[in-house]
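The values are calculated or read from the model by the stated rules, or taken from the named source; none is laboratory data. Please read all numbers here as calculations on a predicted model, not as lab measurements. Counting neighbours? That spans all protein chains shown, and the Cβs are built from the backbone with ideal geometry, glycine included. To get the accessible areas, we keep the full protein, side chains included, count just its heavy atoms, and leave off ligands, DNA and RNA. Shrake-Rupley method; radii C 1.70, N 1.55, O 1.52, S 1.80 Å.
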Amino acid sequence: MVSEGDGTYIVFGYGSLIFKPPPHAIKRTPGFLKGCVRRFAHSSTDHRGVPEAPGRVVTLVHTEDWVKFSGADPFPEGDVVWGVAWTVDPKHAVEVKAYLDHREKEGYNEENIDVWDVIDGEERIVVPKVKIVSYWLHAA
């Protein structure tokens, strides 16, 4: 998510938000993230499962954290995480943030990352330094 001085609020969907935009979305920008992969690696009793048997939800894993979780498997170089950057109507930014805070109530991290796309055969940043709200999987 991005919250800038001009009130712009952008949510990058890499899971269910790809197909179910947040409320009050006014612009859709498809793109991808570099330097991470999407995996069903987060245990959740909120979105799926129960305390005795947590379910799995999609999370993002940075390149630098991959080796600590994957053992001998090399990082899948060249992989990207496709999704959609949704621009939210600035009049509703506070409301949408509250909605997403509740929806992701088992916790998440925010990180700034560029959203890329392929334009005229070249990779280009289409949304710079979006604050991604994700279940980032970090090594301790």
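General remarks:
- From the list 56, 28, 48, 39, the one residue that fits, being exposed (fewer than 13 other Cβ atoms within 10 Å of the Cβ) and among the basic types (Lys, Arg), is 28.
- Scanning region 78-91 for residues that are open to solvent by less than 30 Å² (accessible area, probe 1.4 Å) and of a type in the set (A, V, I, L, M, F, W, C) yields 81, 84, 85, 86, 88.
- Filter result for residue 32 (among the hydrophobic types (A, V, I, L, M, F, W, C) and under 28 Å from residue 8 (Cβ atoms)): yes
- Selection of first residues in region 71-96 that are over 23 Å from residue 16 (Cα atoms) and of second residues that are modelled with pLDDT of 85 or more and outside any loop (DSSP other than H, G, I, E, B), restricted to Cβ pairs under 9 Å at least 6 apart or on distinct chains, gives an empty result.
- Residue, farthest from residue 110 (Cα to Cα), within region 59-77, restricted to residues that are surrounded by fewer than 13 Cβ atoms within 10 Å (Cβ to Cβ) and among the acidic types (Asp, Glu): 73
- Hey, residue 129 modelled with pLDDT of 80 or more, open to solvent by 30 Å² or more (accessible area, probe 1.4 Å) and touching a strand residue (DSSP E or B) at 6+ places or on another chain (Cβ under 6 Å) or not: yes
Conditions (1) touching an Asp or Glu at 6+ places or on another chain (Cβ under 6 Å); (2) of a type in the set (Ser, Thr, Tyr), marked per residue:
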site	(1), (2)
31	yes, no
35	no, no
39	no, no
43	no, yes
59	no, yes
63	no, yes
